[in-house]
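Trainee: My structure is below; once you've seen it, I'll send some questions.
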Amino acid sequence: MKVSEIDIQILLFMWCLGAALSAVALLIPIYYIFAIVGAVGWICVGLSSFLIILHIKKA
C-alpha cells in the first residue's frame with residue numbers, strides 16, 4: 001500500500017489516536033515516560049496532519 005492510497009478516514013483516525021495519546025501522556029507522573037509517550041503522540045499528530053493536507057491537495 002502506497003501513501004497515496006491511504007484513505008482519509010484512516011488518517012483522521014490516526015490523528016485522533018495521536019491526540020488521545022498526547023492527552024493520556026499528561027496523566028503519567030514519571031517524566032521520562034511522559035516525554036516519550038507525549039512525543040510519540042505528537043509525532044503521530046504531525047505526520048497524520050501532513051498526510052491529510054497532502055490528501056486534500058491531491059483531491
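The rows are residues; the columns are (1) modelled with pLDDT of 90 or more; (2) out of contact with any Ser or Thr (no Cβ under 8 Å at 6 or more places or on another chain).
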site	(1), (2)
Met1	no, yes
Ile10	yes, yes
Gly38	yes, no
Gly41	yes, no
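Trainee: Report, by residue number, each residue of region 24-59 that is more than 14 Å from the chain's Cα centre (by Cα) and either within 25 Å of Ile8 (Cβ to Cβ) or not hydrophobic (A, V, I, L, M, F, W, C) (or both).
Mentor: If the condition is that a residue be more than 14 Å from the chain's Cα centre (by Cα) and either within 25 Å of Ile8 (Cβ to Cβ) or not hydrophobic (A, V, I, L, M, F, W, C) (or both), then Pro29, Tyr31, Tyr32, Leu54, His55, Ile56, Lys57, Lys58, Ala59 are the ones that fit.
The values are calculated or read from the model by the stated rules, or taken from the named source; none is laboratory data. Keep in mind that this is a model prediction, so the values were computed, not measured. Reconstructed Cβ throughout: ideal geometry from the backbone, glycine too, with neighbour counts over all protein chains shown.
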